[in-house]
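The values are calculated or read from the model by the stated rules, or taken from the named source; none is laboratory data. Given the structure is predicted, the values throughout are model-derived calculations rather than measurements. We place every Cβ from the backbone using ideal geometry, glycine too, and count neighbours over all the protein chains shown. Side chains included, ligands, DNA and RNA excluded: accessible areas come from the protein's heavy atoms. Shrake-Rupley method; radii C 1.70, N 1.55, O 1.52, S 1.80 Å.
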Amino acid sequence: MIIRKLSESDKAGRLIRSAGWESNRLILKNDGMGFSFHLTTIYAGAELEMHYKNHLESVYCISGEGSIEDLATGEIHEIEAGTLYALNEHDRHILRGKTEMLMACTFNPPLSGEEVHDETGAYPLQREEAV
Ligand code: 9YT
């Protein structure tokens, strides 16, 4: 059994900070669960264009308000506490934080932990997955 505490995330090297967001990566590839699990804060005013070509992701908003724009259709969906979005088609999107948002995120395949977005808004795959 794995037990992790958010309060120990920073000290344990699980807190990753990047432009517009920070993320506690609580479960990662080397935990052997088949997915990764993150608690991510999107900062107020952040505008993040992303395209997870190599991953499926679902995101549940715990608190805050914002929106997600589907870049394939131009549709904009409001996000508030209790909203989930799942990028089941590797959807290209822009996530906007109107206020600070706390999100619970899962990735399949799991992240290994060091990823930050590349220039295309994706996370690169680990070598053994990139076949
Ligand atoms: C909301 C969202 O896209 N989160 C992605 C996960 C987070 N940025 C991370 O841990 O890399």
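In a shell of Cβ-Cβ distance under 11 Å around residue 65, excluding residue 65 itself, what net charge do Lys and Arg (+1) and Asp and Glu (-1) give? Could you put the intermediate results ahead of the total?
Working: positive: 96, 98; negative: 78, 80, 100.
Cβ neighbours under 11 Å give a net charge of -1.
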Problem set entry | Amide N proximity, region 11-25 versus residue 102 label position 7 Å along Cα-to-Cβ, cut-off under 16 Å | 22-25
Exercise. How much accessible surface area, in Å² rounded to 10, belongs to the heavy atoms of residue 17 with a 1.4 Å probe?
Worked result: 140 Å²
For this session: Quick one: P(r) of the chain from all Cα-Cα pairs, 10 Å bins, percents rounded to integers, in order of increasing distance.
Result: 13, 45, 35, 7, 0
For this session: Two decimals is fine: what's Rg over Rh for region 1-65, C-alpha atoms, Kirkwood radius as Rh?
Result: 0.96
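Across region 36-111, how large is the tail of the calculated P(r) beyond 14 Å, expressed as a percent of all Cα pairs? Provide the component values of the computation, followed by the final result.
Working: 1641 of 2850 pairs.
Of the Cα pairs, 58 percent sit more than 14 Å apart.
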